[in-house]
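Some notes on the structure that comes next.
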Amino acid sequence: MLQTDRRVLSGALDALSIHTIILDRSGHCSHVSPQAKTLLSQSGVLTIRKDQLRRTPSSRAIADCRCAAGPIDIDLDLQPCLDCVTRSAATADANSTTCSVSVTGDDGLCTHLRLSPIPVGAQNGAADAAALLVIEPPSMSNAAELQPDAALLLTPAEREVATELLSGRRPAEIAQRRNVTIDTIRSQIKRIYAKLGVSGLVEFMASARR
């Protein structure tokens, strides 16, 4: 029954064509989606060794840790995030321990991870499935210009717009490149400034650039 439930869960995730990894209670990778396997094989910052997800020694990982109430550096084994999230899966409501991690390589590209516990009531018999890891691949080749700490606070679309701003592009040009209205870009820029706690472009450039 346990193996069947895990296969059903894994199959459902694979059908979504997203980069997902299911972690068991010990933090080991019990299932890696085909998309995640492809991404990991091409990644210079993440790898799986002995069923454990690790970052490479040359990379840097920063977590937006709710337990620590702020960004913290993460070691090669991505601890304490994996332990924290998988342990919290034992509770019925584990939303408060969802964790975001930004891993930056030598090339400056940031790969973003989101760890979410699978609460006991939602496991449907797959008792070893403790957490779900979703990997968001780098979206832009020049993402190295955006500070990882700042990137953690932004959505994927906002990160792309922020990187365009750091490259010196104006809102009208960004809108044209992204095939959206300039009002959409202006709204995204306002949200970026609010999330980063800056008042304008000059302050944004000073605080968000690597």
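Just so it is clear, none of the values below were taken in a lab; they were calculated from the coordinates. Note that the structure is a prediction, hence the values are computed from the model and not measured. Here the Cβ is made from the backbone with ideal geometry for all residues, glycine too, and neighbour counts use every protein chain on show.
Summary table
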| quantity | calculated |
| --- | --- |
| Separation of the Asp83 and Arg177 label points, Cα + 7 Å toward Cβ, nm | 4.2 nm |
| Interchain or long-range residues, amide H under 5 Å from Leu53's placed H | Cys29 |
| Hz values of 3J(HN,Hα) by residue in the range 26-38 - Karplus curve (6.51, -1.76, 1.60), Gly and Pro given as x | 8, x, 7, 7, 8, 7, 10, 5, x, 5, 5, 4, 5 |
| Other-chain or far-sequence residues with amide H under 5 Å of Leu146's (modelled H) | Arg210 |
| Amide H contacts under 5 Å for Ala131, placed H, 5+ residues apart | Leu23, Ile118 |
| Additional length obtainable on full extension of the chain from Arg170 to Ile48, 0.36 nm per residue less Cα span | 39.9 nm |
| Cβ-derived FRET efficiency at R0 22 Å, Ile18 paired with Lys195, nearest 0.05 | 0.35 |
| FRET efficiency, 1/(1 + (r/R0)^6) with R0 35 Å, evaluated for Ile72 and Thr38 via beta carbons | 0.75 |
